[in-house]
Amino acid sequence: MQSAATAKATERRKGFFGEYGGSFVPPELQPRLDELAKALDEAMADPGFKKELERLQAEYIGRPSALTECCNISNKYGGGRLFLKREDLNHTGAHKINNTVGQALLAKRMGKTELIAETGAGMHGTATATVAALMGMHCTVYMGAVDVKRQAPNVSRMKALGADVVAVEAGQKTLKEAVDAALEAYIQRPDTFYLLGSAVGPHPFPGMVRYFQSVIGIEAREQFLQREGRLPDYVVACVGGGSNAIGLFSGFLDDESVHITGVEPAGRGIETGEHAATLVAGAPGIIHGFRSYVLTDDDGEPAPVYSISAGLDYPGVGPEHAHLKDIGRAEYVSVTDTEAVEAFSELCRMEGIIPALESSHAVAHALKILPQMSADQTVLVNLSGRGDKDLDSVLPLLGLA
């Protein structure tokens, strides 16, 4: 396994994390990405930009988010102690707002007046619509038609905030197709700013999203040290594209004593083929303008994927996660729909916290490893969002509707 220092040095290679990342886009798009990368570098070097970002994180998002110990679950399962980083308590109810506030500030700095976004579960779309309203910008959100139906509460929120929601009818009508449509619109409309929601896409998007989400890991590390006087033994987060996970993991990559685990959706089971566990079952390839692990079909094209969670059914994954897997710094596992729903119910009934289905995958893995841990060991899960949006899907499965 490479050291964290080596991993960090590799990460700084422009646009790449090891052999993953890069920019594989049509020639007409590259100048737009170069402009964005230059603007991002300038903003990150500007104390005024950072000061305004920190103000909005505190006064608008409500940061720092809480660190919560789940004593009831820990007592029931035995073994170690479970903690949650409460991104569900942010304004709009998820980690997505960390990134949208940062990118919207950058868009405003660049003189842009219209935001384009893709969304799966609707939380990124909601967060983008929110910051567009805050900054006085127009907003168009592309969302797969299937997701429009299963995430109706978030569609309503986006519309209430003034966004135009475009239902994408192509392909599987889910997240991949929403990304396809947003990228196409971005290419055709050079005056817009594409506010990408996850740590995927061509350079500089993965690094930019990581930068704006790193506040999760920075806070979590400081909070845990202050509360416990030591670091957690395990940090765990769900992985679709991977923004909430890389946000948490970034705070602990240099801490070799901390075991890092990303949890992907096994759907109806890896053996069925109906899943979206890219790092568990995929192979290196190119998708949406960057190189990473990809799930492909027999023709080498991105495969149809499935998850009960609308925010995790993506056939690719952020390039930094691919790199962390290859160098052995992070472990990636998968959890089925059934296990995620059971974890959803446990957190609701045992702790009074309704988690997003995405986050429930990470909780499910934590419930598996807690009994195997000693009483002095701890696991920190990133609760990336709240589950109000998922109740219509989950309650029938629990026999409650």
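Given the criteria among the aliphatic types (A, V, I, L, M) and either out of contact with any His (no Cβ under 9 Å at 6 or more places or on another chain) or not assigned by TED's automatic domain parsing to the domain that holds Gln188 (or both), does Leu84 qualify? Judged against the criteria, Leu84 is a match.
Do we have Asp298 as out of contact with any strand residue (DSSP E or B) (no Cβ under 8 Å at 6 or more places or on another chain), acidic (Asp, Glu) and not in a helix (DSSP H, G or I) here? So Asp298 passes the test. No other residue among Leu115, Leu89 is under 30 Å from Lys368 (Cα atoms) and either modelled with pLDDT of 95 or more or in the same structural domain as His365 (by TED's automatic domain parsing) (or both) apart from Leu89.
The residue that is farthest from Val101 (Cα to Cα), among those in region 57-72 that are part of a helix (DSSP H, G or I) and touching a residue at least 12 places away in the same chain (Cβ under 8 Å), is Asn72. When Leu183, Leu225, Leu253, Leu248 are screened for being out of contact with any helix residue (DSSP H, G or I) (no Cβ under 6 Å at 6 or more places or on another chain) and farther than 21 Å from Leu36 by Cα, only Leu225 passes. Between Asp299, Asp313, the distinction of being modelled with pLDDT under 95, surrounded by fewer than 20 Cβ atoms within 10 Å (Cβ to Cβ) and within 26 Å of Phe24 (Cα to Cα) belongs to Asp299 only. Scanning region 280-333 for residues that are in contact (Cβ under 8 Å) with a residue 12 or more places away in the chain, out of contact with any Pro (no Cβ under 8 Å at 6 or more places or on another chain) and charged (D, E, K, R) yields Lys325, Asp326, Arg329, Glu331. Each residue in region 94-118 was checked for being farther than 13 Å from Asn382 by Cα, touching a residue at least 40 places away in the same chain (Cβ under 8 Å) and in a loop (DSSP other than H, G, I, E, B), and 3 of them qualify.
Scanning region 265-279 for residues that are free of Cβ contacts under 8 Å to residues at least 60 places away in the same chain and either part of a strand (DSSP E or B) or on the phi > 0 side of the Ramachandran plot (or both) turns up just one, Gly273.
Among residues of region 167-188 being in a loop (DSSP other than H, G, I, E, B) and out of contact with any strand residue (DSSP E or B) (no Cβ under 6 Å at 6 or more places or on another chain), the one that is surrounded by the most Cβ atoms within 10 Å (Cβ to Cβ) is Gln172. Quick check on region 16-56: of everything there that is without any contact (Cβ under 8 Å) to a residue 24 or more places away in the chain and in a loop (DSSP other than H, G, I, E, B), which residue is nearest to Phe290 (Cα to Cα)? Looking at the filtered set, the residue picked out is Pro27.
Of the helices (runs of 4 or more DSSP H) lying entirely inside region 334-401, the ones with 3 or more residues being surrounded by 20 or more Cβ atoms within 10 Å (Cβ to Cβ) and in contact (Cβ under 8 Å) with a residue 40 or more places away in the chain are found at 337-351, 357-369.
The values are calculated or read from the model by the stated rules, or taken from the named source; none is laboratory data. It should be emphasised that the depicted structure is a prediction, and the values quoted were computed from it without experimental measurement. Backbone-built Cβ (ideal geometry, glycine too); neighbour counts: all protein chains shown.
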